[in-house]
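For reference, the structure is listed below as C-alpha coordinates.
The values are calculated or read from the model by the stated rules, or taken from the named source; none is laboratory data. Note that the structure is predicted; figures quoted are calculated from it, not measured. When we count neighbours, we look across all protein chains shown, and the Cβ atoms used for this are built from the backbone with ideal geometry, even at glycine.
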Amino acid sequence: MLILYTNTIILYIDLSIILYIDLSTYRFYIFIDLLHFKKEQILPIIISILNHKGGVGKTTLAHNISAGLAKLEKNTLLIDLDLQSNLTISVLGLNDNRKNISDLFVGEEVNINNLIYNTDDKYLSIVPSSEMMALAEPSLNNRIGKEFVLRNAIKTPNIDKYDFVIIDCPPHLSTITLNALFASDFYIVPLRTDVFSIHGFKILNTVVTDVNKIFINTLNAKKIELLGYIVNAYDSRTSMAIDTVNLLKDMYKEKVFNTNIRVNANFSRCPALKQSIFDIERNGKGSEDILLLINEIFTRIENNGK
(Lines give C-alpha, C1' and ligand atoms only; values in the text may rest on other atoms or scores of the structure.)
Protein backbone atom coordinates (compact mmCIF):
# COMPACT_ATOMS: atom_id res chain seq x y z
CA MET A 1 0.00 0.00 0.00
CA LEU A 2 1.33 3.43 -0.99
CA ILE A 3 0.27 6.55 0.96
CA LEU A 4 1.23 10.04 -0.26
CA TYR A 5 1.50 13.17 1.89
CA THR A 6 3.11 16.54 1.22
CA ASN A 7 6.84 15.75 0.84
CA THR A 8 6.30 12.30 2.40
CA ILE A 9 5.71 8.77 1.12
CA ILE A 10 4.76 5.84 3.36
CA LEU A 11 5.06 2.50 1.59
CA TYR A 12 3.87 -0.78 3.17
CA ILE A 13 5.83 -3.77 1.85
CA ASP A 14 4.27 -7.22 2.43
CA LEU A 15 2.40 -5.80 5.46
CA SER A 16 5.52 -6.27 7.58
CA ILE A 17 7.92 -3.51 6.53
CA ILE A 18 7.22 0.22 6.46
CA LEU A 19 9.34 2.46 4.21
CA TYR A 20 9.06 6.12 5.28
CA ILE A 21 10.53 8.53 2.69
CA ASP A 22 10.98 12.28 3.21
CA LEU A 23 11.07 13.77 -0.28
CA SER A 24 12.33 17.17 0.87
CA THR A 25 15.57 15.74 2.27
CA TYR A 26 15.63 12.37 0.45
CA ARG A 27 16.04 10.62 3.80
CA PHE A 28 14.30 7.31 4.32
CA TYR A 29 13.59 5.08 7.29
CA ILE A 30 12.74 1.38 7.29
CA PHE A 31 10.56 -0.01 10.08
CA ILE A 32 9.78 -3.62 10.85
CA ASP A 33 6.03 -3.51 11.54
CA LEU A 34 5.85 -5.87 14.51
CA LEU A 35 2.06 -5.62 14.60
CA HIS A 36 1.99 -7.77 11.45
CA PHE A 37 5.36 -9.46 11.80
CA LYS A 38 4.53 -10.88 15.23
CA LYS A 39 0.89 -11.79 14.89
CA GLU A 40 0.58 -13.34 18.35
CA GLN A 41 1.21 -9.94 19.97
CA ILE A 42 -1.87 -8.92 21.94
CA LEU A 43 -2.89 -5.34 21.30
CA PRO A 44 -2.60 -2.73 22.50
CA ILE A 45 1.08 -2.67 23.38
CA ILE A 46 1.28 -0.60 26.58
CA ILE A 47 4.45 1.36 27.37
CA SER A 48 5.09 3.50 30.45
CA ILE A 49 7.55 6.39 30.31
CA LEU A 50 8.88 6.87 33.81
CA ASN A 51 11.68 8.21 35.94
CA HIS A 52 11.18 9.31 39.53
CA LYS A 53 13.58 12.19 38.87
CA GLY A 54 11.92 15.24 37.32
CA GLY A 55 13.29 17.37 34.50
CA VAL A 56 14.51 14.50 32.32
CA GLY A 57 12.22 15.15 29.34
CA LYS A 58 9.74 12.38 30.16
CA THR A 59 6.61 14.21 29.02
CA THR A 60 8.23 15.58 25.86
CA LEU A 61 9.38 12.07 24.96
CA ALA A 62 5.92 10.56 25.57
CA HIS A 63 4.29 13.22 23.39
CA ASN A 64 6.68 12.87 20.48
CA ILE A 65 6.94 9.07 20.49
CA SER A 66 3.14 9.00 20.30
CA ALA A 67 3.11 11.57 17.51
CA GLY A 68 5.68 9.51 15.61
CA LEU A 69 3.62 6.34 16.00
CA ALA A 70 0.60 8.25 14.71
CA LYS A 71 2.63 9.39 11.70
CA LEU A 72 3.19 5.71 10.98
CA GLU A 73 -0.59 5.25 11.18
CA LYS A 74 -0.53 3.34 14.45
CA ASN A 75 -3.65 4.06 16.49
CA THR A 76 -2.14 5.48 19.67
CA LEU A 77 -3.65 6.43 23.03
CA LEU A 78 -1.79 8.73 25.40
CA ILE A 79 -2.58 8.58 29.12
CA ASP A 80 -1.42 11.49 31.29
CA LEU A 81 -0.98 10.44 34.95
CA ASP A 82 0.90 13.54 36.11
CA LEU A 83 -1.07 16.12 38.13
CA GLN A 84 1.00 18.88 36.48
CA SER A 85 -0.88 17.98 33.27
CA ASN A 86 1.99 19.13 31.04
CA LEU A 87 1.26 16.43 28.49
CA THR A 88 -2.42 17.32 28.43
CA ILE A 89 -1.65 21.02 27.92
CA SER A 90 0.85 20.16 25.18
CA VAL A 91 -1.75 18.15 23.26
CA LEU A 92 -5.15 19.67 24.09
CA GLY A 93 -4.45 23.01 25.75
CA LEU A 94 -5.67 24.19 29.17
CA ASN A 95 -9.22 23.30 30.25
CA ASP A 96 -10.00 22.55 33.90
CA ASN A 97 -13.59 21.48 33.20
CA ARG A 98 -13.01 18.43 31.01
CA LYS A 99 -13.36 14.91 32.35
CA ASN A 100 -9.93 13.44 33.01
CA ILE A 101 -7.98 10.51 34.44
CA SER A 102 -8.57 11.66 38.04
CA ASP A 103 -12.21 10.58 37.59
CA LEU A 104 -10.92 7.01 37.35
CA PHE A 105 -9.09 7.18 40.68
CA VAL A 106 -11.16 9.61 42.76
CA GLY A 107 -14.69 8.64 43.81
CA GLU A 108 -16.64 6.11 41.80
CA GLU A 109 -14.86 4.34 38.97
CA VAL A 110 -15.83 5.42 35.46
CA ASN A 111 -15.44 3.81 32.06
CA ILE A 112 -12.10 4.95 30.66
CA ASN A 113 -13.65 5.21 27.19
CA ASN A 114 -15.58 8.24 28.49
CA LEU A 115 -12.30 9.98 29.32
CA ILE A 116 -10.73 9.72 25.85
CA TYR A 117 -10.40 12.83 23.68
CA ASN A 118 -9.55 12.97 20.00
CA THR A 119 -6.76 15.21 18.72
CA ASP A 120 -6.09 16.88 15.38
CA ASP A 121 -4.37 13.65 14.31
CA LYS A 122 -6.93 10.91 13.66
CA TYR A 123 -4.45 8.27 14.82
CA LEU A 124 -3.76 9.94 18.19
CA SER A 125 -6.08 10.20 21.22
CA ILE A 126 -5.47 11.17 24.84
CA VAL A 127 -6.83 10.63 28.34
CA PRO A 128 -6.02 13.99 29.96
CA SER A 129 -4.99 14.76 33.52
CA SER A 130 -5.67 17.63 35.91
CA GLU A 131 -4.69 19.00 39.31
CA MET A 132 -7.42 16.77 40.77
CA MET A 133 -4.86 13.96 40.52
CA ALA A 134 -3.52 15.35 43.79
CA LEU A 135 -6.53 13.65 45.43
CA ALA A 136 -5.91 10.32 43.72
CA GLU A 137 -3.29 9.02 46.14
CA PRO A 138 -5.33 9.51 49.36
CA SER A 139 -8.47 8.30 47.59
CA LEU A 140 -6.77 5.05 46.59
CA ASN A 141 -5.41 4.32 50.06
CA ASN A 142 -8.67 2.77 51.22
CA ARG A 143 -9.47 0.96 47.98
CA ILE A 144 -8.96 -2.78 47.65
CA GLY A 145 -6.74 -3.59 44.69
CA LYS A 146 -5.60 0.03 44.49
CA GLU A 147 -2.58 -0.83 42.33
CA PHE A 148 -4.74 -2.43 39.62
CA VAL A 149 -7.29 0.31 38.89
CA LEU A 150 -5.69 1.37 35.60
CA ARG A 151 -4.91 -2.24 34.59
CA ASN A 152 -8.57 -3.18 35.00
CA ALA A 153 -9.76 -0.02 33.21
CA ILE A 154 -7.63 -0.71 30.14
CA LYS A 155 -9.27 -4.13 29.80
CA THR A 156 -12.46 -2.26 28.87
CA PRO A 157 -13.82 -3.02 25.38
CA ASN A 158 -12.76 -0.60 22.62
CA ILE A 159 -9.30 -0.04 24.11
CA ASP A 160 -8.15 -2.97 21.98
CA LYS A 161 -8.69 -0.84 18.87
CA TYR A 162 -5.43 0.93 19.71
CA ASP A 163 -2.07 -0.39 18.58
CA PHE A 164 -0.18 1.42 21.34
CA VAL A 165 -0.95 2.99 24.71
CA ILE A 166 1.75 5.37 25.97
CA ILE A 167 1.57 6.32 29.67
CA ASP A 168 3.26 9.46 30.98
CA CYS A 169 4.00 8.76 34.67
CA PRO A 170 4.41 11.28 37.52
CA PRO A 171 8.01 12.15 38.50
CA HIS A 172 7.94 10.11 41.71
CA LEU A 173 7.27 6.56 42.83
CA SER A 174 3.71 6.27 44.14
CA THR A 175 0.54 4.19 43.92
CA ILE A 176 -0.21 5.99 40.65
CA THR A 177 3.17 4.89 39.26
CA LEU A 178 2.44 1.33 40.38
CA ASN A 179 -0.87 1.53 38.50
CA ALA A 180 1.08 2.40 35.35
CA LEU A 181 3.56 -0.44 35.84
CA PHE A 182 0.86 -3.05 36.52
CA ALA A 183 -0.98 -1.91 33.38
CA SER A 184 2.09 -1.98 31.11
CA ASP A 185 3.88 -4.50 28.94
CA PHE A 186 7.08 -2.43 28.75
CA TYR A 187 8.65 0.69 30.19
CA ILE A 188 11.22 3.25 29.04
CA VAL A 189 13.42 5.34 31.34
CA PRO A 190 14.55 8.73 29.98
CA LEU A 191 17.45 10.65 31.50
CA ARG A 192 19.64 13.68 30.90
CA THR A 193 23.39 13.69 30.50
CA ASP A 194 24.40 14.26 34.10
CA VAL A 195 25.50 11.84 36.78
CA PHE A 196 22.53 12.70 39.02
CA SER A 197 20.15 11.32 36.39
CA ILE A 198 21.70 7.86 36.80
CA HIS A 199 21.52 7.86 40.60
CA GLY A 200 18.29 6.37 41.85
CA PHE A 201 17.91 3.72 39.16
CA LYS A 202 18.59 1.08 41.82
CA ILE A 203 15.40 2.07 43.66
CA LEU A 204 13.37 2.08 40.45
CA ASN A 205 14.73 -1.32 39.43
CA THR A 206 13.88 -2.73 42.89
CA VAL A 207 10.29 -1.51 42.54
CA VAL A 208 9.98 -3.12 39.09
CA THR A 209 11.41 -6.38 40.45
CA ASP A 210 8.74 -6.40 43.18
CA VAL A 211 6.04 -5.66 40.59
CA ASN A 212 7.24 -8.58 38.47
CA LYS A 213 7.07 -10.95 41.44
CA ILE A 214 3.37 -10.10 41.73
CA PHE A 215 2.91 -10.47 37.96
CA ILE A 216 4.39 -13.97 38.00
CA ASN A 217 3.37 -15.34 41.41
CA THR A 218 -0.04 -13.73 41.97
CA LEU A 219 -1.44 -12.66 38.60
CA ASN A 220 0.13 -15.51 36.62
CA ALA A 221 0.88 -12.90 33.96
CA LYS A 222 3.78 -11.90 31.76
CA LYS A 223 6.19 -9.60 33.58
CA ILE A 224 6.86 -6.02 32.52
CA GLU A 225 10.07 -5.62 30.50
CA LEU A 226 12.47 -2.68 30.30
CA LEU A 227 12.76 -1.53 26.69
CA GLY A 228 15.72 0.64 27.55
CA TYR A 229 17.26 3.82 28.91
CA ILE A 230 17.09 6.76 26.50
CA VAL A 231 19.35 9.82 26.74
CA ASN A 232 17.57 13.15 26.22
CA ALA A 233 19.13 16.50 25.32
CA TYR A 234 22.37 14.83 24.23
CA ASP A 235 25.12 17.27 23.21
CA SER A 236 28.10 15.47 21.67
CA ARG A 237 30.18 18.65 22.00
CA THR A 238 30.40 18.26 25.79
CA SER A 239 32.58 15.78 27.61
CA MET A 240 29.89 15.44 30.30
CA ALA A 241 27.41 14.07 27.76
CA ILE A 242 29.93 11.63 26.29
CA ASP A 243 31.09 10.47 29.73
CA THR A 244 27.52 9.99 30.98
CA VAL A 245 26.54 7.86 27.98
CA ASN A 246 29.71 5.77 28.32
CA LEU A 247 29.04 5.27 32.04
CA LEU A 248 25.44 4.30 31.32
CA LYS A 249 26.50 1.75 28.70
CA ASP A 250 29.12 0.32 31.05
CA MET A 251 26.44 -0.16 33.72
CA TYR A 252 23.45 -1.29 31.65
CA LYS A 253 25.01 -2.60 28.41
CA GLU A 254 22.42 -3.36 25.71
CA LYS A 255 19.61 -1.87 27.81
CA VAL A 256 20.75 1.59 26.64
CA PHE A 257 19.13 2.68 23.38
CA ASN A 258 21.59 3.29 20.55
CA THR A 259 19.65 6.41 19.61
CA ASN A 260 20.26 9.58 21.62
CA ILE A 261 17.74 12.43 21.46
CA ARG A 262 20.00 15.34 20.59
CA VAL A 263 19.67 18.72 22.29
CA ASN A 264 17.17 20.74 20.30
CA ALA A 265 15.38 23.98 21.24
CA ASN A 266 12.39 22.97 19.12
CA PHE A 267 11.40 20.32 21.67
CA SER A 268 10.85 23.16 24.15
CA ARG A 269 8.54 24.90 21.68
CA CYS A 270 6.20 21.91 21.35
CA PRO A 271 4.05 22.52 24.49
CA ALA A 272 3.47 26.22 23.81
CA LEU A 273 2.47 25.56 20.21
CA LYS A 274 0.44 22.40 21.04
CA GLN A 275 2.42 20.64 18.35
CA SER A 276 4.80 17.72 18.11
CA ILE A 277 8.33 17.89 16.78
CA PHE A 278 7.00 16.58 13.45
CA ASP A 279 4.81 19.67 13.08
CA ILE A 280 7.56 22.13 14.01
CA GLU A 281 10.46 20.66 12.04
CA ARG A 282 9.41 17.89 9.69
CA ASN A 283 12.93 17.52 8.31
CA GLY A 284 15.05 18.35 11.37
CA LYS A 285 17.23 16.32 13.67
CA GLY A 286 14.51 16.14 16.32
CA SER A 287 12.00 14.31 14.14
CA GLU A 288 14.81 12.12 12.80
CA ASP A 289 15.87 11.11 16.33
CA ILE A 290 12.31 10.21 17.33
CA LEU A 291 11.83 8.08 14.21
CA LEU A 292 15.11 6.27 14.84
CA LEU A 293 14.06 5.66 18.44
CA ILE A 294 10.69 4.26 17.32
CA ASN A 295 12.53 1.92 14.97
CA GLU A 296 14.54 0.64 17.94
CA ILE A 297 11.38 0.32 20.03
CA PHE A 298 9.79 -1.83 17.33
CA THR A 299 12.84 -4.10 17.22
CA ARG A 300 13.06 -4.42 21.01
CA ILE A 301 9.37 -5.23 21.37
CA GLU A 302 9.79 -7.92 18.73
CA ASN A 303 12.62 -9.32 20.86
CA ASN A 304 10.58 -8.96 24.07
CA GLY A 305 12.49 -5.97 25.38
CA LYS A 306 15.97 -7.22 24.51
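Taken over the stretch 69-97, the criterion of being out of contact with any strand residue (DSSP E or B) (no Cβ under 7 Å at 6 or more places or on another chain) and on the phi < 0 side of the Ramachandran plot is satisfied by Lys71, Asn75, Leu83, Gln84, Asn86, Ile89, Ser90, Leu94, Asn95, Asp96, Asn97. Listed by first and then second residue, the pairs linking a residue in the stretch 94-109 that is free of Cβ contacts under 8 Å to residues at least 40 places away in the same chain and surrounded by 15 or more Cβ atoms within 10 Å (Cβ to Cβ) to a residue that is assigned to a helix (DSSP H, G or I) and among the hydroxyl-bearing types (Ser, Thr, Tyr), with Cβ atoms under 8 Å apart and 6 or more places separating them unless they lie on different chains, are Asn100/Thr88; Val106/Ser139. Residues of the stretch 213-233 that are assigned to a loop (DSSP other than H, G, I, E, B) and more than 21 Å from the chain's Cα centre (by Cα): Thr218, Leu219, Asn220, Ala221.
Scanning the stretch 32-58 for residues that are touching a Cys at 6+ places or on another chain (Cβ under 9 Å) and either part of a loop (DSSP other than H, G, I, E, B) or at pLDDT 95 or above (or both), which turns out nearest to Arg192 (Cα to Cα)? Of everything passing the filter in the stretch 32-58, Asn51 is nearest to Arg192 (Cα to Cα). Of the residues that sit in the stretch 296-306 and are surrounded by fewer than 18 Cβ atoms within 10 Å (Cβ to Cβ) and at pLDDT 90 or above, which one is farthest from Gly68 (Cα to Cα)? Among those that are surrounded by fewer than 18 Cβ atoms within 10 Å (Cβ to Cβ) and at pLDDT 90 or above, it is Thr299. For the stretch 59-86, name all the residues that are assigned to a loop (DSSP other than H, G, I, E, B) and among the aliphatic types (A, V, I, L, M). Residues satisfying the conditions are Leu72, Leu81, Leu83. Against the conditions (1) crowded, with 19+ Cβ neighbours inside 10 Å; (2) under 23 Å from Ala272 (Cβ atoms); (3) at pLDDT 95 or above, Met133 satisfies every one except (3).
Candidates are the residues of the stretch 158-206 that are over 26 Å from Ser130 (Cα atoms) and of a type in the set (Val, Ile, Thr); the one that is modelled with the highest pLDDT is Thr206.
When each of Tyr234, Tyr252 is tested for being of a type in the set (Phe, Trp, Tyr), under 18 Å from Asn304 (Cβ atoms) and buried (at least 16 other Cβ atoms within 10 Å of the Cβ), the lone residue that passes is Tyr252. Quick check: is even one residue across the stretch 286-302 more than 18 Å from the chain's Cα centre (by Cα) and under 26 Å from Phe164 (Cβ atoms)? No, the stretch 286-302 contains no residue that is more than 18 Å from the chain's Cα centre (by Cα) and under 26 Å from Phe164 (Cβ atoms). Among the residues of the stretch 60-76, is any closer than 21 Å to Glu137 by Cα and either in contact (Cβ under 8 Å) with a residue 12 or more places away in the chain or surrounded by fewer than 18 Cβ atoms within 10 Å (Cβ to Cβ) (or both)? Checked the stretch 60-76: no residue is closer than 21 Å to Glu137 by Cα and either in contact (Cβ under 8 Å) with a residue 12 or more places away in the chain or surrounded by fewer than 18 Cβ atoms within 10 Å (Cβ to Cβ) (or both). Helices (runs of 4 or more DSSP H) fully within the stretch 113-204 that include at least 1 residues being within 17 Å of the chain's Cα centre (by Cα) and of a type outside the set (S, T, N, Q): 149-154, 175-183. Counting only residues that are outside any helix (DSSP H, G or I) and either under 9 Å from Thr193 (Cβ atoms) or free of Cβ contacts under 8 Å to residues at least 24 places away in the same chain (or both), the stretch 234-256 holds 4 of them.
I'd like to know if the stretch 107-114 contains one or more residues that are farther than 30 Å from Asp279 by Cβ and acidic (Asp, Glu). Taking every residue of the stretch 107-114 in turn, at least one turns out to be farther than 30 Å from Asp279 by Cβ and acidic (Asp, Glu). Which members of the stretch 141-167 meet the condition of being touching a helix residue (DSSP H, G or I) at 6+ places or on another chain (Cβ under 6 Å) and surrounded by fewer than 12 Cβ atoms within 10 Å (Cβ to Cβ)? Matches in the stretch 141-167: Asn158 only. All of Ala265, Ala221 fail the test of being out of contact with any strand residue (DSSP E or B) (no Cβ under 8 Å at 6 or more places or on another chain), within 30 Å of Phe148 (Cβ to Cβ) and not hydroxyl-bearing (Ser, Thr, Tyr), apart from Ala221. Between Ser174, Ser197, Ser268, the distinction of being exposed (fewer than 13 other Cβ atoms within 10 Å of the Cβ) and of a type in the set (S, T, N, Q) belongs to Ser268 only.
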